[in-house]
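Okay, here's the structure, questions in a sec.
The values are calculated or read from the model by the stated rules, or taken from the named source; none is laboratory data. What you see is a predicted model; the values in this text were computed from it and never measured. Here Cβ is always computed from backbone atoms with ideal geometry, including for glycine, and neighbour counts include all displayed protein chains.
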Amino acid sequence: MSQISITVDGAKLQVEADQRPTHIFAENKEIVVCTVNGVLKDLWTDLVDGDVVESVMISSPTGLEVLRHSTAHVMAQAVQEVYANTRLGIGPPIKDGFYYDFDPENTFNPDDLTKIESAMRKIIKEGQRFKRRVTTEADALKELAHEPYKCELIGIKGPAGEEASVEVGGAELTIYDNLGRDGNPVWSDLCRGPHLPSTKQIPAFKLMRTAAAYWRGSEKNPMLQRIYGTAWPSQDELNGYLELLAEAEKRDHRRLGTELDLFSFPEEIGSGLAVFHPKGGIVRRAMEDYSRIRHEEEGYEFVYSPHLTKAALFETSGHLQWYADGMYPPMILDEEYNEDGTVKRAGQQYYMKPMNCPFHNLIYRSRGRSYRELPIRLFEFGTVYRYEKSGVLHGITRARGFTQDDAHIYCTKEQMVGELDSLLTFVLNLLRDYGLNDFYLELSTKNPEKFVGEDSDWAEATEALRKAATAQKLELVLDEGGAAFYGPKISVQAKDAIGRTWQMSTIQVDFQLPQRFELEYSATDGTRQRPVMIHRALFGSIERFFGVLTEHYSGAFPPWLAPVQAVGIPVADTFGDYLGDVIQQMRKAGIRAELDSSDDRMQKKVRNAQMQKIPFMVIAGEEDQKAGAVSFRYRNGEQKNGIPIKDAIAEIKKVVQERTQV
Ligand SMILES: [Zn+2]
Ligand SMILES: [Zn+2]
C-alpha cells in the first residue's frame with residue numbers, strides 16, 4: 001500500500017494511505033474529533049498527502065459540542081425507536097448540553113424521558129459508528145420524504161438560522177448513518193456533523209426536561225416538543241454539574257425575589273419589566289447610595305436624561321442603523337390630519353432610549369470645552385429599554401427595562417492610558433466592596449474586517465487597556481477580533497460563590513461617537529481636538545447586579561445591604577415591651593430593625609427570621625431584661641448571650657459600616 005505524509009499535532013508522519021485519524025489516535029480515547037487543514041472533521045475522515053491534522057479532546061469546548069450534539073443525535077434515534085411516528089426537528093448543542101425538537105403523536109411526559117434514556121443506553125452500549133454520507137438535495141428529499149421538517153431545512157439550506165445550521169450548514173448536504181454491530185445502517189439523520197467516532201464514546205449523559213417550542217422559533221409554525229439533555233466527559237463531571245444546578249436552583253434570584261418579597265414582574269406591566277417592592281427597594285437604594293458616594297469621590301459628575309427622544313438623536317448616534325432590532329418600536333407623535341382624515345403634517349418619531357451615551361454627548365457638546373476641563377466624567381443611573389426576545393428574558397438579570405450605572409469619560413489621547421488604568425482599579429475595588437472577589441479580565445481586540453477609526457488609535461487604545469489589565473495581576477483572556485466595530489473593550493468577569501462566571505463591568509473605548517457627534521475641545525495650542533470617549537458600566541445594570549448578588553449571597557445579604565438588619569424576638573410576650581424599646585434604640589442609631597410582635601410562638605419567629613435571612617436575631621428573655629442586655633442569634637444558628645444593649649448596637653453598626661458579611 002502506498003504511503004502519505006501528513007502532519008499530526010505538529011509532528012510529520014508517514015502513514016499508510018488508508019489510515020484515518022481514528023486509527024492514528026486509536027490509543028487516546030479522549031480524542032473524539034479532529035481538524036484537517038483547519039476544518040473540523042469526523043475521526044473517520046479520509047486523509048490525503050500533505051494534510052495537517054490536529055486532535056480535539058472531548059473536554060475542549062469544541063469536543064464538548066461534538067459530544068453533546070452526538071448525544072442529541074442518539075436521543076433522536078432512541079425517540080424514534082420508542083415512539084415510531086415521531087417526526088424530527090433540529091438538535092443542536094447548547095451551553096452545557098443539547099436539545100432536540102420533535103413532533104410526537106402524544107406530548108412527552110417525565111416517564112417518557114426514562115424510557116428514552118434507557119433506549120439511549122442500549123444504543124451507546126452497542127457502539128454504533130456514525131458514518132458520514134454525502135447526498136444531493138433530490139436524493140435527500142426522496143429519502144426523507146417522511147420527515148417534513150428536515151425536508152423544509154433542505155429547501156432553505158443557507159439562511160436557515162444558526163441552530164438549523166447543525167443540520168444543513170455545511171458545504172455539502174450530508175446524512176449520517178448509525179451502523180449497528182453487523183455494519184448495516186440502523187438509523188439515519190440529515191446532519192452536517194461531525195460526530196464522535198462511535199456512540200460508545202458518550203461517557204455520561206442525562207435527559208433534563210421537556211418544553212414546548214415553535215418550529216424554527218416562529219409562532220406561525222407548528223408547536224413542537226423539545227427535550228433538553230446534558231452530556232459530559234465523565235460521570236463525575238455530570239454529577240458535579242447536576243449538583244451545581246441544584247445549588248443554582250436554590251439560589252435562583254427569581255425564586256428568592258418572591259420568597260424575600262424583593263421584586264415582581266406583574267403580568268399587567270409586561271414581560272421583562274420589574275417592580276421593586278419595599279424590601280428590594282432598600283437593597284437597591286443601599287447599592288445605589290454606596291456607588292454614588294464612591295463615584296463622587298472619584299470625580300464623577302451626576303447627570304440626568306429623559307427616557308424618550310426623537311429619532312434624530314439615534315440617527316446621529318447610529319443606533320437606528322445597527323441596533324434598531326434591540327429597540328422598542330417608535331411612537332408617532334404630533335401628527336396633524338385634514339378633515340378628510342388624510343395626514344396634513346407627518347408625525348414625529350420618538351423612541352425609548354436603549355442607551356444613555358447620545359444624551360451624555362449632547363451634554364458634553366452643550367458648550368465649548370477646553371483641555372483644562374478634561375477628563376470629564378459624566379455619570380447617570382440611566383434607565384434604558386431594550387426589546388429583548390421573550391425567550392432570552394431571565395428575571396432581573398435579563399430584562400427589557402433596566403437602569404445602567406452608566407458613565408462616559410471624555411479625555412485627551414494623552415490622558416487615556418492613565419484614565420483606563422485608574423478606571424479599572426476603581427471598578428475592581430468597587431466590585432470587591434460588594435463582596436465579589438474572584439475575577440478575570442477579557443480584552444476584546446479589533447476585528448480587522450469591521451472597524452472605524454485609525455489603526456494607530458486602535459493600537460494605542462488596545463495597548464493601554466492591556467497595560468491596565470496586566471497591572472491588576474489578574475488572568476487576562478484575549479478575545480481576538482471580538483471588539484465592537486467602534487473600539488476595543490475590557491470586560492470584568494466575576495465568579496460567584498458557586499463558581500459561575502458573570503460578565504460584570506465593561507470598559508469600552510469609542511472612536512466612533514465623538515466623530516458622529518463632532519465632539520471637540522480646544523487644546524493648549526488653541527486647535528480644536530477630538531476627545532477620546534470611554535463608556536463604562538460597572539454593575540452593567542443595577543437590576544442585573546442585584547440579581548447576581550442575590551444568587552451570590554443566596555439571599556443572605558451582608559448586613560449593609562440586608563433589607564432588615566435586625567429583628568427583635570421576645571422569648572415570651574412579657575418581654576415584648578422591653579425588647580421593643582431596644583429595637584427603638586437600634587432604629588435611632590440608624591439600624592434597620594423591627595420587632596416581631598406577631599402572635600407566633602418564639603420558635604416560629606426564629607424560623608421566619610431564618611427564612612427571611614435576617615443577619616441579626618435580637619432575642620430577650622428574663623435574664624437579658626434583668627441585665628439590661630440582649631442575646632444575638634446569627635444566621636448560622638450560633639448564639640451569643642448577655643450582650644449589653646450599647647454593645648449590641650455597636651456590633652451591628654460596625655459590620656454595616658465595614659460592609660462585612662456575618
Ligand atoms: Zn448529528
Ligand atoms: Zn455608553
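Only one residue in D581, D573, D599 is surrounded by 13 or more Cβ atoms within 10 Å (Cβ to Cβ) and of a type in the set (D, E). Which one?
Answer to the selection: D581.
Scan the range 368-416 for residues that are more than 16 Å from ligand 2 (Cβ to nearest atom), assigned to a loop (DSSP other than H, G, I, E, B) and not charged (D, E, K, R) and jot them down.
Correct list: G368, L374, Y387, L393, G395, I396, T397, A399, T412.
Let me ask something else about it. List pairs: first residue in the range 348-371 and in contact (Cβ under 8 Å) with a residue 40 or more places away in the chain, second residue assigned to a helix (DSSP H, G or I) and among the β-branched types (V, I, T) anywhere in the structure, Cβ distance under 8 angstrom, at least six positions apart or on different chains.
From the range 348-371, the pairs are P358/T316.
While we're on this one: Need pairs with beta-carbon distance below 7 Å; first residue β-branched (V, I, T) and within the range 117-138, second surrounded by fewer than 19 Cβ atoms within 10 Å (Cβ to Cβ) and assigned to a helix (DSSP H, G or I); sequence gap 6+ or separate chains.
Note: pairs meeting the criteria are I124/K200.
What residue, of L423, L428, is under 25 Å from R398 (Cα atoms), crowded, with 17+ Cβ neighbours inside 10 Å and not small (G, A, S)?
Among L423, L428, only L428 is under 25 Å from R398 (Cα atoms), crowded, with 17+ Cβ neighbours inside 10 Å and not small (G, A, S).
Another question about this same structure. Under 6 Å by Cβ, and 6 or more places apart or on different chains, what pairs join a residue from the range 72-89 that is farther than 22 Å from P194 by Cβ with one that is within 14 Å of ligand 1 (Cβ to nearest atom) and part of a helix (DSSP H, G or I)?
What qualifies is T86/V79; T86/Q80.
As an exercise: evaluate T22 against (1) among the β-branched types (V, I, T); (2) surrounded by fewer than 19 Cβ atoms within 10 Å (Cβ to Cβ); (3) over 33 Å from the mean Cα position of the chain (by Cα); (4) farther than 19 Å from Q201 by Cβ and give the number of the one condition it does not meet.
So the condition that T22 fails would be (4).
Under 6 Å by Cβ, and 6 or more places apart or on different chains, what pairs join a residue from the range 286-306 that is farther than 14 Å from V427 by Cβ with one that is of a type in the set (V, I, T) and not in a loop (DSSP other than H, G, I, E, B)?
What qualifies is V303/I363.
Please tell me if M75 is surrounded by 14 or more Cβ atoms within 10 Å (Cβ to Cβ), within 32 Å of the chain's Cα centre (by Cα), more than 16 Å from ligand 1 (Cβ to nearest atom) and modelled with pLDDT of 95 or more.
no
Filter the range 212-222 down to the residues that are without any contact (Cβ under 8 Å) to a residue 24 or more places away in the chain and either surrounded by 13 or more Cβ atoms within 10 Å (Cβ to Cβ) or under 24 Å from S118 (Cα atoms) (or both) and list them by number.
A212, Y214, N221
Quick one: in the range 629-662, of everything that is in contact (Cβ under 8 Å) with a residue 60 or more places away in the chain and assigned to a loop (DSSP other than H, G, I, E, B), which residue is surrounded by the fewest Cβ atoms within 10 Å (Cβ to Cβ)?
Checked the range 629-662; the qualifying residue surrounded by the fewest Cβ atoms within 10 Å (Cβ to Cβ) is T660.
State the number of residues belonging to the range 570-602 that are in contact (Cβ under 8 Å) with a residue 24 or more places away in the chain and in contact with a Leu (Cβ under 8 Å, 6 or more places away or on another chain).
4
Which of (1) crowded, with 18+ Cβ neighbours inside 10 Å; (2) within 22 Å of R400 (Cβ to Cβ) does G270 not meet, given it meets every other one?
(1)
Inside the range 178-224, can you point out the residues that are in a loop (DSSP other than H, G, I, E, B), hydrophobic (A, V, I, L, M, F, W, C) and within 20 Å of G155 (Cα to Cα)?
If the condition is that a residue be in a loop (DSSP other than H, G, I, E, B), hydrophobic (A, V, I, L, M, F, W, C) and within 20 Å of G155 (Cα to Cα), then C191 is the only one that fits.
I'm told S522 meets every condition in (1) under 15 Å from F451 (Cβ atoms); (2) surrounded by fewer than 20 Cβ atoms within 10 Å (Cβ to Cβ); (3) over 25 Å from the mean Cα position of the chain (by Cα); (4) not basic (K, R) except one. Can you identify the failing condition by its number?
Of the numbered conditions (1) under 15 Å from F451 (Cβ atoms); (2) surrounded by fewer than 20 Cβ atoms within 10 Å (Cβ to Cβ); (3) over 25 Å from the mean Cα position of the chain (by Cα); (4) not basic (K, R), the odd one out for S522 is (1).
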